[in-house]
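One structure is given here, and the rest of the page talks about it.
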Amino acid sequence: MIPGISGRECWTRRAVFSSSDLSRAKGQGIPGDTRSTGPVGGRGRVSSLFDAAAQSLFATLLPSDCRLCQAPLTRISRLPVCDHCLSRMEPIRGLVCAVCGERIFTPHAEVQPLCGECRMTAPQFVRAIAYGSYDGGLRELIHLLKYGRVRPAAGVLGRMLAEVIQGFGSELLSGIVVPVPLHSSKLRQRGFNQAEEIARAALKNLNRGGLKLATGILDRKRATESQTGLSDHQRQQNVRGAFVVAAPGEIAGKNKDVLLVDDVFTTGATVGECARVLRRAGADRVFVATVARVLKAEAAWAAPEEIEEPRTLKAYA
Ligand SMILES: [Zn+2]
Ligand SMILES: [Zn+2]
């Protein structure tokens, strides 16, 4: 830190320096992203020499650690997370339910594998897809956005969500993208809705003109209690009636396909309730895209869907 500059000022200056480096920040994201991040040719060499000098100067002047693994960061970025941590956030592999995305350990012989729950009762949504398992670095990155309020994290999470949306293929080419809303008290407290930030970033990375972000469609009229320790049925009761369609004219007879976006899919109670009220308002098909999903193997220690600020908030401050 520069002597005489407080931590906050130091961070602000760092962000300002970094804003000219957005293309690099963009290119450092999710695994497999091999896009070129720098210019080529003579002018490019001078500029990269300058970049390298600037990077090491700023790294010396403004030392900072990765907020996930605490390793020193060696280059300027608006997102204080190292490449190693980002590269470990991998997509879900293995067999999952074709409808809700839950992990399947004992598949039945069928083309479309279904989990036990979807086999018993069809959810209100057509299909839910998540990018990664809600654990490890991905969970921490989501917490960094939500509780640490590190807004640039939405860019990386948005690129993951863009991959999820691509996964719907030709099934979902047009419609409205509706972020799961926060209750107004939570929105005031946090200052932004993480689902909306992620959805916005995802749409920037997609070439799907038919999909439009639509905020203000859903309203969360009651702050739901913590879901910790509740059974699946109790979770459904807990969110029942928590959402209303605030702009019914945007659904009935107009937008038949809706893509719900949230950061995490825990049990599906929240998105299931959102899908139910959207369908009541006239939506034909509701799809669900989330960055992360709680999978069976990890369910025992996963955070609840409506978790309050975690006790480890200090770690993100
Ligand atoms: Zn790291
Ligand atoms: Zn399922």
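The values are calculated or read from the model by the stated rules, or taken from the named source; none is laboratory data. The shown structure was predicted, so the numbers you read here are calculated from the model rather than taken from an experiment. Neighbour counts are summed over all protein chains in view; Cβ atoms, including those assigned to glycine, are modelled from backbone coordinates with ideal geometry.
Any residue at all in the stretch 54-72 that's in a loop (DSSP other than H, G, I, E, B), at pLDDT below 90 and either crowded, with 19+ Cβ neighbours inside 10 Å or within 13 Å of ligand 1 (Cβ to nearest atom) (or both)?
yes
What residue, among those in the stretch 270-304 that are part of a helix (DSSP H, G or I) and of a type outside the set (A, V, I, L, M, F, W, C), is modelled with the lowest pLDDT?
Step by step, filter the stretch 270-304, then rank; the result is Glu298.
Does Ile92 qualify as being within 16 Å of ligand 2 (Cβ to nearest atom) and at pLDDT below 95?
Answer is no for this residue.
Yes/no matrix, rows are residues, columns are (1) farther than 13 Å from Leu259 by Cα; (2) of a type in the set (S, T, N, Q); (3) modelled with pLDDT of 95 or more:
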residue: Arg159; (1), (2), (3): yes, no, yes
residue: Phe168; (1), (2), (3): no, no, yes
residue: Val178; (1), (2), (3): no, no, yes
residue: Lys186; (1), (2), (3): yes, no, no
residue: Ala199; (1), (2), (3): no, no, yes
residue: Asn205; (1), (2), (3): yes, yes, no
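Within the stretch 117-139, can you find the residues that are crowded, with 22+ Cβ neighbours inside 10 Å and part of a helix (DSSP H, G or I)?
Leu138
Consider the stretch 80-116. How many of its residues are surrounded by 15 or more Cβ atoms within 10 Å (Cβ to Cβ) and within 21 Å of Asp262 (Cα to Cα)?
Residues meeting the conditions: 13.
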